[in-house]
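Scroll down for the structure; my scribbles are underneath it.
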Amino acid sequence: MEGQGGPAPKKRAAFSHAAVPGVASTVPGGTVDRLIRLPDRVLLCILLKVGTKQAVKMGGVSRQWRRVWTRLPVLEFDGVDSSVPARALAAYQAHGEDDIHSLTVSPNQVDGNQTTAWLSLAAPLLSGRLRSNNRRTLTRETLQMFLAAEAGHVGIREAFELPCFKKATEILMDLGFLALKLPLVGVFDALRVMWLEHFWQRREFSITGTMFPSLQELTIRMVRGLTVLTLDSKSLMYIRLSFLLELRQLHILAPGLDTLEVTLCFYDEPEPFATIAAERLKVLRWEVPCVPELRKIPHLLVLGAPPVTTFWSEDIYAEFLDRFPAANHLELQIRPGNCIVMT
């Protein structure tokens, strides 16, 4: 009876999905697509909570979801085959309306060609942070092989070229033993932070203000094959270099530099050479077997010197300390685990 049962047939028709112009009433499998009535902002909130992998899979649940997931501002691919990010980013490029604010890729294997593929697709889309973490592929054995390998082995590795990210603000990459080279042309206009580790390099590597005009923080660590490193930038304020075992020459020209940390470098070179021009430098931690050539550093506040008796004779150590008469604090390691701070 009408009034005691469900709505009348005419009222029922008002709720039919067929009444929505241009939209099918069912999804693959023949089930009713009830999600199609949800507004996009609600769908985006749901997809953000379930994660990128699930959001992409849920594209098969509803035609609406297939369109909306390409508007997600944050994409995370964790523990996937390295071909997956490329396929997803290609779809994002074809249907996405907004930039990606954060992209994280942690593959379960490292492949140079597939890494190049997804990076090339990500470059024009990303306006925030890029994090590529291949740490899960590193075992103790492979790391030991990486550190013990001959420098000449980098010559047989085909280097992949990092594409130019014009809008990215941070690039944090654990490269999983891939060989890296920077692009020949292009400007990373917005990049402020760059962290590169676990990669091979063919001899020389340069970071310049021409290519990275806004770069403020730079970390380079665990690199094999790198012999000459040049850092020439007016914007750099913080530099950290470590485990550059084959480094022979280091040239730093950074007038705005505030902090410089260099550790565990120059170990395979009997006559290393370093020049530093950074007149605003306040903190220098220099724990390597190399006495640098310095321009005047009048504002130095903290000097971290190499551990006593490990690298130099007393005369060379005294020569090193004499180059920093203006330092307010001196950090001296007498033996591992102990540190004396002198004012």
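The values are calculated or read from the model by the stated rules, or taken from the named source; none is laboratory data. Since we're looking at a predicted model, the values are computed, not measured. Using ideal geometry, Cβ is built from the backbone for each residue, glycine included, and neighbour counts are taken over all protein chains shown. SASA here: full protein model, heavy atoms, side chains in, ligands and nucleic acids out. Shrake-Rupley method; radii C 1.70, N 1.55, O 1.52, S 1.80 Å.
A few points about this structure:
- Residues being touching a Leu at 6+ places or on another chain (Cβ under 9 Å) and in a helix (DSSP H, G or I) - total across the stretch 74-103: 7
- Which listed residue, of Leu253, Leu215, Leu247, Leu180, is in contact (Cβ under 8 Å) with a residue 24 or more places away in the chain and within 27 Å of Val74 (Cβ to Cβ): Leu215
- Only one of the numbered conditions (1) at pLDDT below 95; (2) within 27 Å of Tyr317 (Cβ to Cβ); (3) among the β-branched types (Val, Ile, Thr); (4) buried (at least 18 other Cβ atoms within 10 Å of the Cβ) is not met by Ile220, and that is (1).
Results for (1) loosely packed, with under 14 Cβ neighbours inside 10 Å; (2) at pLDDT 80 or above, shown as yes or no for each residue.
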position	(1), (2)
Trp286	no, yes
Leu300	no, yes
Gly304	no, yes
Thr310	yes, no
Glu314	yes, no
Tyr317	no, no
Asn328	yes, no
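- Sole exception among (1) more than 20 Å from the chain's Cα centre (by Cα); (2) over 25 Å from Asp111 (Cα atoms); (3) of a type in the set (Lys, Arg) for Arg192, by number: (1)
- The single condition among (1) surrounded by 23 or more Cβ atoms within 10 Å (Cβ to Cβ); (2) under 21 Å from Arg323 (Cα atoms) that Leu247 does not meet is (2).
- The conditions of being among the basic types (Lys, Arg) and modelled with pLDDT under 90 are not met by Arg129.
- The single condition among (1) assigned to a strand (DSSP E or B); (2) open to solvent by 10 Å² or more (accessible area, probe 1.4 Å) that Pro213 does not meet is (1).
- Members of the stretch 171-199 that are open to solvent by 10 Å² or more (accessible area, probe 1.4 Å), of a type in the set (Phe, Trp, Tyr) and over 21 Å from Ser214 (Cβ atoms): Phe177
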